[in-house]
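Here the structure is laid out as structure tokens; the discussion comes afterwards.
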Amino acid sequence: MRILCVAEKPSIAKAVSEHLAGGRVQVRNTQNKYIKNYCFDYDFGQGWGNCSVTMTAVLGHLTSTQFPPQYKDWKHPPPDRLFDAPVQTIIAEDKTDVAANIEQQAKYCQGLCIWTDCDREGEHIGHEICEAAKKGNSRLNIRRARFSNIERAHVLNAARNLVALDEKQVNAVSARIELDLRIGYAFTRFLSNNLKPMGEPLTSKVISYGSCQFPTLGFVVDRYFRVKNFKPEPFWSIKVMHKREGIDVHFAWARNRLFDRAAVIILYERCLSAKMAEVTKVQEKPTKKWKPLPLTTVELQKMATRFLRLTGQQAMTAAESLYNKGFISYPRTETDRFDKGMNLQALVQKQTPDNRWGQFAQDLLNGGFSQPRQGRNDDKAHPPIHPITYAAPSVLGEDEKKVYEFVVRRFLACCSEDAKGVATDIDIMYGEEAFHAHGVVVLERNYLDVYVYDKWTGTAQLPKFTVGERFEPFEAIMTDGKTTAPSYLTEADLIALMDANGIGTDATMAEHIQKIQDREYVSTVPRASRPADDGDDGGDPPARGARGGRGSRGGRGGASTTASRVGVMEFIPTKLGVALIEGFDRMNFETSLGKPFLRKEMELKMKAICEGRTTRQAVLNESIGQYRQVYNQSQEKLQVLKAACRQYLFENGVG
Amino acid sequence: MDLASQVRSSLQSQGLPSPTLAWIQNVLPNRNPMPPLPALTATARARLMAADLTNPGVLDASAGVLPPNTTNPGVKETRLSKDVLVQVLDLDNLTKSKWEQVEELEAIARGEQTRGREIVRLPAAGDDGGEEGAYGSSAATQAIATGPNLRGGPPGSEATPRNSTHRLVVQDCKGQKVYALELKRMEKIGVGTLNIGEKILLKKDTVVARGTVLLEPTTCIVLGGKVEAWQKAWIDGRLARLKEAVAADARG
């Protein structure tokens, strides 16, 4: 039997061929200079048995979905016709030779095996390959390989356990492509047709709309106004200090702080009148700082922007390249738990040659290994991002080096023990007011030794206090402070917001963030050089910020990552960005394009298609209906959008 | 004993101050046969909780009032010598900055709330929400959108944090107003849970410090009730008051 294998990109075709062929490969050129056909023999086992195989690749998507030529003009027919105009899916112009190669090869084969990446996009590319191959041979037996890295044993295992292509995922992606096309084109033309004639600076701008771009921009604009509009307020608190065994013990007020001076004075006076404080609770107990969860794509991007001085997109590009070279597993994953059956120690073993973390890896093998924590997410397609083989720094590019180091340190941290310490809590009642002191002594650093991105510094050991004991505090003072404005969004914040609000997939978030910069809707500035005109908070940093305890997703305390990070970029909207979001927000609160709701619904619908709860056609009808309604409203209230543009972009506004 | 007097003694036995007999007479239903006493007492009590105590003729002259020096900040500490029934006129969460409350109210007015980082869209009035549910997107919003006084309560007002401290303005039947500060956390006190016009019984020995009543569960009992018109006015004007207060802070 002859089998045609097709991967998503040439590097994967090459790597898989080498593993399957065991060295005896014939390489043939094709019309496309990037794509080679690898010919070899391979025994697929029970299904196809011993076969002669041709392995080739595509370069991502083969097809492009577009409107017929009569819709080329931006003004006629009017843009809203694009909501129901016919669309055609054709082989993309620059991919005709790639498709022709597949069609040609398929003629000689009885079976087709898809080796695209195992995610929704990959499934759809797989479908495109099938369509191209069927043109050459309509009676192909089609299978798909499930794999998440190109390590040898894993690839061989995938080749022996072929599955079917998942039509539901294919349908979800094709719905998404069609929606993005119709909605993106219609609104981009609407915006350009109406705003560009208003004059410079609009005329020379590219004003595009994307259903992810706009909500992403919306987050940036929303935070910008929260910073701009912020009003600092004074607050007061009570601090109690006591000296014992030569140690200053600071007790914090259970009420934290109150925004009324008179109230605090009353409570403070009653403390002082009480004179003596009584110890109500003393607790010493072991405490831990949890090691991180296994690495997901979103987490990789957030950490890269915080600690590696990379943008999310740079980090993904580097990760992609590390994956293509076989150094790390597939970098697009939502899974934060390792399969119980995985041999993690073998992966740890591979890291022992390194002179930075080799010894740490060796120590794990010598008994320090501990099974990673299990997160709650499993996309059932890929394991968490982890190193596959060892890569010496000399073989990696600059960005790759940083990302690889992070992936490895994260992985080793996952396989290590939590950091351990002892926490002491002392509660006192001073009059009617409760105060508490908290102390931590770090005993075992464990994972912290390799995971340099987390900090856990102990406080001084607290002196001995006994329950029921009464003492006169050394000092009790009333303090005051002022709330401070929130910061502008960082890329990590933005990714977290997109993630929480279902904007984009983990794989596409970085692209949307890049897009709103390319379109000059936002600009980034280093946090340090923040312009001084925002807020009149005098500049003296108050005791605590204005932000309350916002829950952090996934329960992992990110508290240790504060300040001191130089080079963190903040996102600030341009006047154009502000005008667009304000324009749409002022039109209609229910369905503003600057809000995440519509897009979130769309993402959930994609998921529903994948899970078989709805169909492609139903989703297309619903979503197009919704966006068409927004389109009509936007057209009715076009004056509102134009007014926002005049206000923010031209002289007659407050800017 | 006539019916009104019976109702009065039942109310007294519940620890409530006595309304005038004329007032009780007026709130009793005009029915024959009369409902049993416990039902009548409950009716009278509910009417009392919804009444404006400063209306003359509601409470009997024997009802406790705040002593004259209650609001004197020069007095470090004094205690009430008898029970005093008061009504809530204003409520302020001192734990949250006013601006934070402004931002929350504005988000709600836009039809949004945030839960952590997630922005949640509130169901608009008349939102059927049936279809969305199929994708689970509205499940989260439903939990929050309970109760008709949605606009009055901050996000998650059902769970005001344990260390919250509120300050109230309360008023006795003579119309005397005084600040009341939450010395110990009282579950029923919270924006969205305590109504304007709600009645609080300040029991004998309640501490008054520097012109402020100190509220704690042992001496102070939240009885319930509200004055509908006051509650509505308070909710409608809350955002404007908060903004005005922030602006005044900035000037001062």
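Any read-out appearing in this document is the output of simple, stated calculations on the displayed coordinates, not a laboratory observation. Here the structure is a predicted model, which means the values were calculated and not measured. Heads up, the Cβs are rebuilt from the backbone with ideal geometry, glycines too, and the neighbour counts pull from every protein chain shown.
Can you give me the relative contact order of chain A as a percent, contacts being Cα pairs under 8 Å and 6 or more apart?
Numbers: 1231 pairs, mean separation 101.7, N = 655.
Worked out over chain A, it gives 16 percent.
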Notebook entry, point to check: What pairs in A:Lys72/A:Lys302; A:Lys285/A:Lys402; A:Lys9/A:Lys515; A:Lys243/B:Lys203; A:Lys95/A:Lys401; A:Lys228/A:Lys595 have C-alpha atoms more than 29 Å from each other?
Noted result: A:Lys72/A:Lys302; A:Lys285/A:Lys402; A:Lys243/B:Lys203; A:Lys95/A:Lys401
Item checked: Residue-averaged 222 nm ellipticity for chain A, from DSSP H runs of 4+ at -39500 (n - 2.57), nearest 500 -> -12000 deg cm²/dmol
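Taking only the Cα atoms of segment B:3-49, how large is their convex hull per residue, in Å³? Let's see the in-between values first.
Details: hull volume 2.9 nm³, N = 47.
Looking at segment B:3-49, the number lands at 61 Å³ per residue.
Normalising by the residue count of segment A:2-165, find the relative contact order in percent from Cα pairs under 8 Å and 6+ residues apart.
Working: 304 pairs, mean separation 42.1, N = 164.
Relative contact order for segment A:2-165 comes out at 26 percent.
In segment A:31-122, which chymotrypsin sites (Phe, Trp or Tyr not before Pro) fall in coil by DSSP and have 16 or fewer other Cβ atoms within 10 Å? Don't jump to the answer; show the numbers that get you there.
Working: sites: A:Tyr34, A:Tyr38, A:Phe40, A:Tyr42, A:Phe44, A:Trp48, A:Tyr71, A:Trp74, A:Phe83, A:Tyr108, A:Trp115; in loops: A:Tyr34, A:Phe44, A:Trp48, A:Trp74, A:Tyr108.
Those that pass, being in a loop and sparsely packed, are A:Tyr34, A:Trp74, A:Tyr108.
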Next item on the list: May I ask you to evaluate 6.51 cos²θ - 1.76 cosθ + 1.60, the Karplus curve with θ = phi - 60°, for each residue of segment A:8-16 and list the ³J(HN,Hα) values in order in whole Hz, giving x for glycine and proline?
Entry: 6, 8, x, 5, 6, 4, 5, 5, 5
Notebook entry, point to check: DSSP loop trypsin sites (Lys or Arg not before Pro) in segment A:1-90 with at most 15 other Cβ atoms within 10 Å of their Cβ, which ones?
Noted result: A:Arg24, A:Lys33, A:Lys72, A:Lys75
Next item on the list: May I ask which of B:Lys174/B:Lys243; A:Lys239/A:Lys464; A:Lys168/A:Lys350 have a Cα-Cα span longer than 29 Å here?
Entry: B:Lys174/B:Lys243; A:Lys168/A:Lys350
Checklist line | Two-decimal log10 I(q)/I(0) for segment A:37-122, as the Debye equation yields it once each C-alpha is a single scatterer, q = 0.11, 0.16, 0.25 Å⁻¹ | finding: -0.50, -0.80, -1.25
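Taking 8 Å as the Cα distance limit and 6 or more residues as the minimum spacing, I'd like the relative contact order of segment A:384-488 as a percentage.
Details: 93 pairs, mean separation 21.2, N = 105.
Computed over segment A:384-488, the figure is 20 percent.
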Next item on the list: Calculate the radius of gyration of the Cα atoms of segment A:1-76 to one decimal place, then report Dmax, the largest Cα-Cα distance, as a whole number, both in Å.
Entry: 17.9, 59
Item checked: 3J(HN,Hα) from dihedral phi, segment A:418-431, Karplus parametrisation 6.51/-1.76/1.60, rounded to Hz, x for glycine, proline -> 4, 6, 10, x, 10, 10, 10, 10, 10, 9, 10, 10, 10, x
Note to self: Suppose we keep just the alpha-carbon trace of the protein assembly as shown; what are its Rg and Dmax in angstrom?
What the structure shows: 34.0, 113
Next item on the list: Have a look at A:Ser11, A:Thr352, A:Gly312 and report the one farthest towards the positive end of the charge dipole of chain A, computed about the Cα centre with Cβ charges (Lys/Arg +1, Asp/Glu -1).
Entry: A:Ser11
Next item on the list: Distance between Cα centroids, segment A:329-382 to segment A:141-166: provide it in whole Å.
Entry: 22 Å
Next item on the list: Using DSSP to define loop residues, name the trypsin sites (Lys or Arg not before Pro) in segment A:239-319 whose beta-carbon has at most 14 other beta-carbon atoms within 10 Å.
Entry: A:Lys275
Next item on the list: Would you please give the FRET efficiency between A:Thr479 and A:His436, computed as 1/(1 + (r/R0)^6) with r the Cβ-Cβ distance and R0 = 25 Å, to the nearest 0.05?
Entry: 0.95
Next item on the list: For segment A:2-165, build the charge dipole from Cβ charges (+1 Lys, Arg; -1 Asp, Glu) around the Cα centre, then report which of A:Gly126, A:Leu20, A:Pro79 sits farthest towards its positive end.
Entry: A:Leu20
Next item on the list: Just the number, please: Stokes-Einstein D of segment A:297-414 in µm²/s, Kirkwood Rh from C-alpha pairs, 37 °C, 0.692 mPa s.
Entry: 228 µm²/s
Notebook entry, point to check: How far apart, in nm, are two points set 7 Å out from the Cα along the Cα-to-Cβ line at A:Lys33 and at A:Phe67?
Noted result: 3.5 nm
Margin query: Can you give me the C-alpha center-to-center distance between segment A:493-515 and segment A:203-231, rounded to a whole angstrom?
Written below: 14 Å
Next item on the list: Evaluate the distance, in nm, between pseudo-label points positioned 7 Å from the Cα of B:Asp205 and of B:Ser13 along their respective Cα→Cβ axes.
Entry: 2.5 nm
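With charges only on Cβ, +1 for K and R and -1 for D and E, what is the dipole size of segment A:2-165 about its Cα centre, in debye, rounded to 20? Let's see the in-between values first.
Numbers: 21 positive and 18 negative charges, 102 e Å.
My answer is approximately 480 debye.
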Notebook entry, point to check: Modelled label-to-label distance, A:Ala643 and A:Trp290, 7 Å Cα→beta-carbon offset: nm?
Noted result: 4.9 nm
Next item on the list: Mind checking which of A:Ala159, A:Thr188, A:Thr116 is farthest towards the positive end of chain A's charge dipole, using Cβ charges of +1 (Lys, Arg) and -1 (Asp, Glu) about the Cα centre?
Entry: A:Ala159
Margin query: Starting from the Kirkwood Rh over alpha-carbon pairs, what translational D in µm² s⁻¹ does segment A:365-462 have by Stokes-Einstein at 10 °C and 1.306 mPa s?
Written below: 94 µm²/s
Next item on the list: Pull out a ≥ b ≥ c, the square roots of the eigenvalues of the alpha-carbon gyration tensor of segment A:132-200, then state rounded if a/c is under 1.5, prolate if not and a/b is larger than b/c, and oblate in the remaining case.
Entry: prolate
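Quick one: dipole size for the protein assembly as shown, taken about the Cα centre, charges +1 on Lys/Arg Cβ and -1 on Asp/Glu Cβ, in debye to the nearest 20.
Magnitude of the dipole: close to 340 debye.
What FRET efficiency do you get for A:Lys275 and B:Lys188 if R0 is 45 Å and r is their Cβ-Cβ distance, rounded to the nearest 0.05? Working shown, then result.
Working: r = 33 Å, r/R0 = 0.73.
So, using R0 = 45 Å, E works out to roughly 0.85.
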Next item on the list: Round to the nearest 10 and give me the degree value, 0 to 90, for the angle of helix A:96-106's Cα axis relative to the longest principal axis of chain A.
Entry: 60 degrees
Notebook entry, point to check: Using θ = phi - 60° and the Karplus form 6.51 cos²θ - 1.76 cosθ + 1.60, what ³J(HN,Hα) does each residue of segment A:279-288 get, whole Hz, x for Gly and Pro?
Noted result: 7, 9, 7, 10, 9, 10, 9, x, 9, 9
